[in-house]
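Inspection log for the structure reproduced underneath, given as structure tokens.
The values are calculated or read from the model by the stated rules, or taken from the named source; none is laboratory data. All values derive from a computational prediction rather than experimental measurement. Methodologically, a virtual Cβ is constructed for each residue, glycine included, from the backbone with ideal geometry; neighbour enumeration extends over all protein chains shown.
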Amino acid sequence: MQVWIDADACPRPARDQVVKFALKRGFAVCLVAGQPVARPPYAMVKLIVVPSGPDAADDYLVEHALPGELVICSDVPLADRLVRKGVAVLDPRGREFDERNMGERLAVRNLFTDLREQGQAGGGPAAYGDKDKQAFANSLDRILTRLMRQD
């Protein structure tokens, strides 16, 4: 069992939570990034820095993550590629991507992209708060339990 993290965009509290679960449950964690990020000093955590370029980290994750594994990411098109491959995907705010909600998630993402490009919407995601941390921990626990039962 391995959990992959799109480390360029994942909030540090979510990465730390995954490592905490990994220490308790004994699975590997792989941080994938386009630039160096802080790697926790545990043997079960490795860091892969991919060559810079558009979607290089995304392509690496799609190529290497396997069905039965989990990827933590907030990138909706990346999540769609992974879900199609049979990989479990969770965003850092605790929302799971799956076959049932991918169409809606892509449509909403595309709508907001269009609105931003037209200057009708701005900003990015809200600050990552305690509510997000708790939702993420709860969803992470549920998904890990499900995946470990499948092994």
Inset, instruction - Hey, can you tell me all the residues within segment 34-52 that are within 23 Å of GLY68 (Cβ to Cβ) and surrounded by 18 or more Cβ atoms within 10 Å (Cβ to Cβ)? - result: VAL45
Legend entry - Filter result (part of a helix (DSSP H, G or I), in contact (Cβ under 8 Å) with a residue 60 or more places away in the chain and crowded, with 21+ Cβ neighbours inside 10 Å) within segment 57-84: LEU78
Legend entry - In segment 85-100, the residues that are acidic (Asp, Glu) and surrounded by fewer than 17 Cβ atoms within 10 Å (Cβ to Cβ): ASP98, GLU99
Legend entry - Unmet requirement for PRO54, which otherwise passes all of (1) under 13 Å from the mean Cα position of the chain (by Cα); (2) part of a loop (DSSP other than H, G, I, E, B); (3) free of Cβ contacts under 8 Å to residues at least 24 places away in the same chain: (1)
Legend entry - Some residue of segment 85-92 being modelled with pLDDT of 85 or more and in a helix (DSSP H, G or I): yes
Inset, instruction - Give the residues of segment 6-29 that are buried (at least 21 other Cβ atoms within 10 Å of the Cβ), touching a residue at least 60 places away in the same chain (Cβ under 8 Å) and either touching a helix residue (DSSP H, G or I) at 6+ places or on another chain (Cβ under 6 Å) or of a type in the set (Asp, Glu) (or both), sorted by residue number. - result: ASP6, ALA14
